[in-house]
């Protein structure tokens, strides 16, 4: 069983570097193009379970990638709740909180790394009950925590896994040990 982790396509805020958690914004035209590029790649695979964040940018990516008809919304895949930092860039946040790091400090009025870790642990547990491949359509920070938890690291280890918009990652196993097969991968037809 492999878990395909797909970050949604580009949005206006991902372009500007603004933290987009609970703000429900659409994909840009380029974001839609990135999502459509996934369709032929994903069409080559069979998926026993398709999970998607409730946010429109993830749902639209899933639909454009050709898996929307089989998708089940999973609220545990929603992006990190940035609380008071919603809509701000890292530079703006560092003006009020010098040295701030989301994977260590979390967000005032939002979530801690441990809370996000608990959510992705539930997603991982759900995926591990499935016979066959699973695909997840979600967001940058939550997927970075997910990969860390998949390989047995703490939520803060997500800081080590950079993730671009509109990318495909694959989590699997090496001799029954959870492993990363592809991370932040470009689409290859």
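Summary of values
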{"item": "Qualifying residue in the range 129-139 (condition: in a helix (DSSP H, G or I) and modelled with pLDDT of 95 or more)", "result": "no"}
{"item": "Output for the range 60-72, where each listed residue is farther than 13 Å from residue 24 by Cβ and touching a strand residue (DSSP E or B) at 6+ places or on another chain (Cβ under 6 Å)", "result": "61, 62, 67, 70, 71, 72"}
{"item": "Among the candidates 162, 153, residue that is part of a loop (DSSP other than H, G, I, E, B) and either at pLDDT below 95 or more than 18 Å from residue 9 (Cβ to Cβ) (or both)", "result": "153"}
{"item": "Single condition residue 57 does not satisfy, out of (1) closer than 30 Å to residue 156 by Cα; (2) touching a residue at least 24 places away in the same chain (Cβ under 8 Å); (3) surrounded by fewer than 21 Cβ atoms within 10 Å (Cβ to Cβ); (4) touching a strand residue (DSSP E or B) at 6+ places or on another chain (Cβ under 8 Å)", "result": "(3)"}
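Yes/no matrix, rows are residues, columns are (1) farther than 20 Å from residue 83 by Cβ; (2) in contact (Cβ under 8 Å) with a residue 12 or more places away in the chain; (3) surrounded by fewer than 15 Cβ atoms within 10 Å (Cβ to Cβ):
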| position | (1), (2), (3) |
| --- | --- |
| 104 | no, yes, yes |
| 116 | no, yes, no |
| 120 | no, yes, no |
| 123 | yes, yes, no |
| 138 | no, yes, no |
| 141 | no, yes, no |
| 144 | no, yes, no |
| 153 | yes, no, no |
| 156 | no, yes, no |
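The values are calculated or read from the model by the stated rules, or taken from the named source; none is laboratory data. What you are looking at is a predicted structure, and each value in this text was computed from that prediction instead of being measured. Because the Cβ atoms are built from the backbone with ideal geometry, glycine has one as well, and the counts that use them run over all protein chains shown.
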